[in-house]
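The values are calculated or read from the model by the stated rules, or taken from the named source; none is laboratory data. Note that this is a predicted model, so its numbers are computed, not measured. Here Cβ is always computed from backbone atoms with ideal geometry, including for glycine, and neighbour counts include all displayed protein chains.
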């Protein structure tokens, strides 16, 4: 689960991480009032969406404009000089802050990370400006290869860390952390020295990093990214931006954080799937996939790609799915207008083939099937499952194995295109 920048900063501030003074606004008048209350000579108005690259993005009115802008520029290298407003604007008065908010609220912000559809801006963060001497980078995340937290730091703040890693990997420091003892003072000092923090600022930097680690650990975060982490003219460290992601599986013990979820920033189909404990991720292809098990899902998507097609989703109904959950998964897949064919690939172990078959039949009675349906069943109660489908009267294409099913699904989708 992701949260907005303003929410991330509020959470980090609870742990003593220094952040700029600011407040979120949902209307032009609120933005004016916040700016006036801050009373700063320099202010920043920042669109709040779940995507990076806001400062290099552009605000547009329609999805069509966003799509053209993305295809022409953002998908390739980035925006050239343009007259459109971006998602991060520097202003110098309450009236200018209100004008900036008016130019963002209700509009679509398109960046390289939003995709061609852009993201609708419903809130802006109005903050005090600060005297920036240096821009750095710092993040905490879980290294799944080692099973340990790792702190990453770079002197190249403000840039995409992926680009830094590709072009100048020597400018990134990785500090592995033993979860049994946490971030040690010596490790934090090493990071601070490597970043070039002056000797008189080392103690403050150590406190900053240990506070950041405490927040990451205690809130069950999967990632905390500060980009940029700025060193002000006075030598203090400030989290000028904050991106936070949390472990969905731990939200049951983080009710306050779970309450920060913004459904408007998520795919409605993924929210729908979550209500039925389904693992669903929308992709950009045209072949819907229903499987049981994450490993089988990955293999199914790979084999569709190998057959010349593109999966439209990752949909795992799990090993203990009921007929009701299978039916909902089928409805979710069919609700995607980009789907030209559906490939159901089930290996019956804990998940029995007859249960899957009954779920598909139940869903078909509620949803009109307008695309080809390819089914491959194998495993527990496979004969009963095939009998349920055969007796349903549905027009289903049978498959002998995964490769056969993928090939038939791709061919069926191509014939409809």
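For the reader, a short list of remarks on this structure follows.
- Test: residue 258 is buried (at least 20 other Cβ atoms within 10 Å of the Cβ), under 28 Å from the mean Cα position of the chain (by Cα) and within 30 Å of residue 325 (Cβ to Cβ): no
- Any hit, segment 255-275, residues being touching a helix residue (DSSP H, G or I) at 6+ places or on another chain (Cβ under 9 Å), touching a residue at least 60 places away in the same chain (Cβ under 8 Å), assigned to a strand (DSSP E or B) and within 30 Å of residue 311 (Cβ to Cβ): no
- Residue 322 vs. criteria under 22 Å from residue 273 (Cβ atoms), surrounded by fewer than 21 Cβ atoms within 10 Å (Cβ to Cβ) and assigned by TED's automatic domain parsing to the domain that holds residue 302: yes
- Members of segment 356-369 that are surrounded by fewer than 24 Cβ atoms within 10 Å (Cβ to Cβ) and either part of a helix (DSSP H, G or I) or in contact (Cβ under 8 Å) with a residue 24 or more places away in the chain (or both): 358, 361, 362, 363, 364, 365, 366, 367, 369
- As a summary of the residue check, residue 252 satisfies the conditions (1) within 14 Å of the chain's Cα centre (by Cα); (2) more than 30 Å from residue 338 (Cβ to Cβ); (3) surrounded by fewer than 19 Cβ atoms within 10 Å (Cβ to Cβ) except for the one numbered (1).
- Qualifying residue in segment 356-377 (condition: modelled with pLDDT of 85 or more, within 20 Å of residue 281 (Cβ to Cβ) and more than 28 Å from the chain's Cα centre (by Cα)): yes
- One residue stands out in segment 297-308 among those that are buried (at least 17 other Cβ atoms within 10 Å of the Cβ) and within 22 Å of residue 349 (Cα to Cα): the one that is farthest from the chain's Cα centre (by Cα), namely 303.
- Per the conditions (1) under 26 Å from the mean Cα position of the chain (by Cα); (2) in a helix (DSSP H, G or I); (3) without any contact (Cβ under 8 Å) to a residue 60 or more places away in the chain, the sole criterion not satisfied by residue 338 is (2).
- Set side by side, the residues 12, 43 differ, and just one is touching a strand residue (DSSP E or B) at 6+ places or on another chain (Cβ under 9 Å), closer than 23 Å to residue 132 by Cβ and either free of Cβ contacts under 8 Å to residues at least 24 places away in the same chain or in the same structural domain as residue 119 (by TED's automatic domain parsing) (or both), which is 43.
- Filter pass, residue 271 being within 29 Å of residue 4 (Cβ to Cβ), in contact with a strand residue (DSSP E or B) (Cβ under 8 Å, 6 or more places away or on another chain) and surrounded by fewer than 24 Cβ atoms within 10 Å (Cβ to Cβ): no
- Contacts under 6 angstrom Cβ, first residue in segment 400-417 being in the same structural domain as residue 372 (by TED's automatic domain parsing) and closer than 18 Å to residue 291 by Cα, partner at pLDDT below 90 and in a loop (DSSP other than H, G, I, E, B), 6 or more apart: 405/399; 408/399
- Scan segment 4-17 for residues that are more than 17 Å from residue 241 (Cβ to Cβ) and assigned to a helix (DSSP H, G or I) and the total you get is 1.
- Unmet criterion (only one of (1) surrounded by fewer than 20 Cβ atoms within 10 Å (Cβ to Cβ); (2) over 17 Å from residue 257 (Cα atoms)) for residue 195: (1)
- Per-region count, segment 385-397, residues outside any helix (DSSP H, G or I), closer than 14 Å to residue 345 by Cα and in contact (Cβ under 8 Å) with a residue 24 or more places away in the chain: 1
- Test: residue in segment 341-353 that is over 18 Å from residue 412 (Cβ atoms), in contact with a helix residue (DSSP H, G or I) (Cβ under 6 Å, 6 or more places away or on another chain) and part of a loop (DSSP other than H, G, I, E, B): no
- Meets criteria (touching a strand residue (DSSP E or B) at 6+ places or on another chain (Cβ under 9 Å), buried (at least 19 other Cβ atoms within 10 Å of the Cβ) and not in a strand (DSSP E or B)) for residue 146: no
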